[in-house]
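Please read the structure below before turning to the comments.
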Amino acid sequence: MDFVITARGHENVRATHKTTIEVTTDTSLTPRGTCIVAVGADKGLRDMPQRFKDKLRENGVRVTFRCGDAEWTLMGRGTPRLELTHPHDMVIRTSAYECPRTLLVGADGAACDMPRELVRCLRDPSRIVTVTLTIKE
């Protein structure tokens, strides 16, 4: 079961945060947003179908980021307590911290782990970024 988010790059993408990765529907990004890797997303957490949210809370999830020819995949997991209701932000965390912005916890990668080829693509505002969430049932 997949859920696909389409976003775009931004010149201020740094991808240096050591514990999180974020995709947002917001269109602006300051250099301080070191975990934000894509902006202008076409969906937020609240836009996920309920069936997908229910499955996500119970399973591991593969997340694939694609921009141009660059691709990177990480794994994370849901928990029964995830709200998955935030209208703008989707945060993948290496920790177990949960809040309304949390998409996944226990991820095996953070923004700083992204291949630099991918990060270069994510810095181009004209580039389309796809984020595919695949539930591992």
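Coordinate-derived values only; no laboratory data. Computed from a prediction, not measured in an experiment: that's the story for all the values here. Here the Cβ positions follow ideal geometry from the backbone for every residue, glycine too, while neighbour counts run over all protein chains shown.
So which residues in the range 23-35 are touching a residue at least 24 places away in the same chain (Cβ under 8 Å) and touching a Lys or Arg at 6+ places or on another chain (Cβ under 8 Å)?
Once the filter is applied, which keeps residues that are touching a residue at least 24 places away in the same chain (Cβ under 8 Å) and touching a Lys or Arg at 6+ places or on another chain (Cβ under 8 Å), the range 23-35 yields Thr25, Thr34.
Quick one: which strands (runs of 3 or more DSSP E) sit completely within the range 41-137 and have at least 1 residues that are without any contact (Cβ under 8 Å) to a residue 12 or more places away in the chain?
Qualifying strands (runs of 3 or more DSSP E): 70-77.
Could you please let me know if Glu98 is surrounded by fewer than 21 Cβ atoms within 10 Å (Cβ to Cβ), touching a Ser or Thr at 6+ places or on another chain (Cβ under 9 Å) and among the charged types (D, E, K, R)?
Against the criterion (surrounded by fewer than 21 Cβ atoms within 10 Å (Cβ to Cβ), touching a Ser or Thr at 6+ places or on another chain (Cβ under 9 Å) and among the charged types (D, E, K, R)), Glu98 qualifies.
Collect the residues in the range 45-68 that are under 15 Å from Arg8 (Cα atoms), within 10 Å of the chain's Cα centre (by Cα) and buried (at least 17 other Cβ atoms within 10 Å of the Cβ), keeping them in residue-number order.
Matches in the range 45-68: Phe65 only.
Go through (1) of a type outside the set (A, V, I, L, M, F, W, C); (2) out of contact with any His (no Cβ under 6 Å at 6 or more places or on another chain); (3) within 20 Å of Thr25 (Cα to Cα) for Lys136 and report which single condition fails.
Going through (1) of a type outside the set (A, V, I, L, M, F, W, C); (2) out of contact with any His (no Cβ under 6 Å at 6 or more places or on another chain); (3) within 20 Å of Thr25 (Cα to Cα) one by one, Lys136 breaks only (3).
Going through Thr25, Thr30 one at a time, which residue ends up being β-branched (Val, Ile, Thr) and either exposed (fewer than 15 other Cβ atoms within 10 Å of the Cβ) or farther than 16 Å from Val131 by Cα (or both)?
Answer to the selection: Thr30.
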